[in-house]
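This report refers to the structure that appears directly beneath it.
Where a number appears in this text, it was derived from the coordinates with a stated rule and is not lab data. As the structure is a prediction and not an experimental result, all values here were calculated from the model. Every residue, glycine as well, gets a Cβ built from its backbone with ideal geometry; the counts of neighbours run over all protein chains shown.
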Amino acid sequence: MRAALLVIASAVCFGTTGTAQAYGPDAASSSAVGLARIVAGGALLGLVAWWVAGRPSPRALGTSRGGLWAVLVGGAAVLAYQPTFFAGARLNGVAIGAVVTLGAAPALTGLLEWCLTRTVPARTWFVATGCAVVGVVLLSGLAEGAGDHVSLPGLAGSLGAALSYAVYTLAAKRLLTDGWTPTAAIGSVFGTAAVLGLPFLLLVDLAPLASWPGVRMVGWLAIVTVVVAYVLFAVGLQSLSAATVSTLTLAEPVTACVLGLVLLDERVSSAGWLGLVVLLGGVALLAVPRRTVPA
């Protein structure tokens with residue numbers, strides 16, 4: 001249960017992203033914020049991993065050709081998540097974009113994990129994931145007509161973000177399976193993403209982020225939603241399947257909703273409250289350990 005709680009704690013950190021952006025400068029574009037978050041957070045996480053490991057050599061990390069490919073592919077997937085997610089949100093709205101990404105990510109992660117490891121997720125995972133996805137749909141307002149006009153390119157972007165999430169989760173899991181420590185695995189993936197993302201900073205307007213609200217926002221996003229969140233994520237991933245972790249992180253929209261209610265004066269419909277309950281039920285189904293009946 002400890003591993004599940006760590007993953008849920010990471011999802012709580014992820015859930016503060018939208019609120020932190022709301023308190024940041026209004027002129028900052030979502031693309032600039034997302035890219036700054038990955039570059040700053042990824043670089044910091046890479047440094048933390050390097051420091052925790054005591055500056056090990058690649059040989060000490062157990063690096064193989066497969067491990068290096070996992071780092072490169074995982075880093076590219078982390079970077080690809082940002083533009084694809086924001087493209088889906090821009091074309092179809094935040095609600096639909098988030099629902100498609102969050103709803104498809106567990107399914108794609110489970111499918112890819114099954115293809116790569118020939119391990120079929122447990123029946124409990126299917127039930128819990130189904131409940132969580134239904135909860136996300138209800139929470140988003142789609143059931144109340146929010147998705148009447150859906151853009152196919154927007155759907156493609158959101159599905160691309162979900163696939164990116166699945167790929168970097170499985171890349172980190174591969175490194176953990178190879179014997180890497182959680183900080184080394186996730187730090188290497190996100191450090192690579194930071195290096196790959198540096199040239200793209202030239203394509204976005206970073207001026208609003210140079211203000212004190214901008215610096216404060218990027219600092220929170222980098223430290224809390226990347227460094228702290230993904231260290232917790234990786235430690236939990238070490239003991240759980242990638243499919244299970246992907247479903248547990250659906251606690252993220254619950255956190256975002258609660259923060260919106262408390263800090264941003266947002267409102268939730270009756271269907272939204274029902275969605276919260278169903279979503280929490282799905283996450284709890286995976287988080288609470290199942291009792292074994294002695295023979």
**Fill in**
Once phi for every residue in region 274-286 is put through the Karplus expression 6.51 cos²θ - 1.76 cosθ + 1.60 (θ = phi - 60°), the whole-Hz ³J(HN,Hα) values, with Gly and Pro written as x, are 4, x, 4, 5, 5, 4, 4, x, x, 5, 5, 4, 7
**Prompt:** So for the chain, taking the charge dipole from beta-carbon charges (+1 Lys/Arg, -1 Asp/Glu), which of N92, L201, T181 sits furthest toward the positive end?
**Reply:** T181
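If you take the beta carbon distance between A122 and A210 as r and set R0 to 41 Å, what does 1/(1 + (r/R0)^6) give as a FRET efficiency, to the nearest 0.05? Please list the in-between numbers first.
Values: r = 49 Å, r/R0 = 1.19.
Efficiency computed from Cβ-Cβ geometry: 0.25.
Assign unit charges at the C-beta atoms only (+1 for Lys and Arg, -1 for Asp and Glu), then state the dipole size of the chain relative to its Cα centre in Debye, rounded to the nearest 20. Provide the component values of the computation, followed by the final result.
Numbers: 14 positive and 9 negative charges, 205 e Å.
Here the chain has a charge dipole of around 980 debye.
What shape does region 2-287 have by the C-alpha gyration tensor, where a ≥ b ≥ c are the square roots of the eigenvalues, rounded means a/c under 1.5, and otherwise prolate means a/b greater than b/c and oblate the rest?
Verdict is oblate for region 2-287.
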**Prompt:** So what's the back-of-envelope 222 nm ellipticity for the chain, counting only DSSP H runs of four-plus at -39500 (n - 2.57) apiece and dividing by all residues, rounded to 500?
**Reply:** -24000 deg cm²/dmol
**Asked** Given the options R216, R123, R37, which has the most mean-square fluctuation in a GNM of the chain, springs set between C-alpha atoms less than 10 angstrom apart?
**Response** R123
**Dipole of the chain [Lys/Arg +1, Asp/Glu -1 at C-beta], most positive-end residue of L221, A132, I8** = I8
**GNM flexibility winner over the chain from L155, L203, L221 (Cα, springs under 10 Å)** = L203
**Item:** Neighbour-count ranking [beta-carbon atoms within 10 angstrom, fewest first] of T247, T101, T177
**Value:** T177, T101, T247
**Prompt:** Which Rg and Dmax, in Å, describe the Cα atoms of region 193-277?
**Reply:** 17.0, 45
**Message:** Could you identify which residue out of A53, A193, A89 has the top mean-square fluctuation in a GNM of the chain using Cα springs shorter than 10 Å?
**Reply:** A53
